[in-house]
């Protein structure tokens, strides 16, 4: 998993959720930007986030208020991307089974 949140933030979340996979910090959304998946929240949404006490500048250690588009990639052992799922509307997430099917195909070779 790659996240723009500061490592101490993701470590707390990972412990609470009992996650067993690594979480890599995407400092200043550099990786998201490289994949064309970074966007900056508009001022009206910044106000909404702040209203909920969610200051992304503090949370991510980056004053840009940039976030990644929620995405999933399946990459095989040769570095070939076998599946990409990305939707800028955070309410729509790919079904886990779609990702699992792609992973099974990679493992099966």
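Every read-out reported here was derived from the displayed coordinates using simple, explicitly stated rules and does not represent laboratory data. Computed from a predicted model, the values in this text were never measured in an experiment. We place every Cβ from the backbone using ideal geometry, glycine too, and count neighbours over all the protein chains shown.
Here are a few candidate values for Cα Rg over 2.2 N^0.38 Å: (1) 1.55; (2) 1.35; (3) 1.18. Which one was actually calculated from the structure I just gave you? So the calculated entry is the one marked (3). Cut-off 12 Å, label point 7 angstrom out along Cα-to-Cβ of residue 64: give me the residues of the stretch 15-38 whose amide nitrogen falls inside. Hits in the stretch 15-38 for residue 64 at 12 Å: 26-38.
With contacts taken as Cα pairs under 8 Å and at least 6 residues apart, the chain reaches a relative contact order of 21 percent. Taking 16 Å as the cut-off, the amide N atoms of the stretch 1-45 that come nearer than this to a point 7 Å along the Cα-to-beta-carbon line of residue 85 belong to 1-2.
Mind running the shape call on the stretch 23-63? Use the C-alpha gyration tensor, a ≥ b ≥ c as the square roots of the eigenvalues: rounded below 1.5 for a/c, prolate if a/b tops b/c, oblate otherwise.
Oblate.
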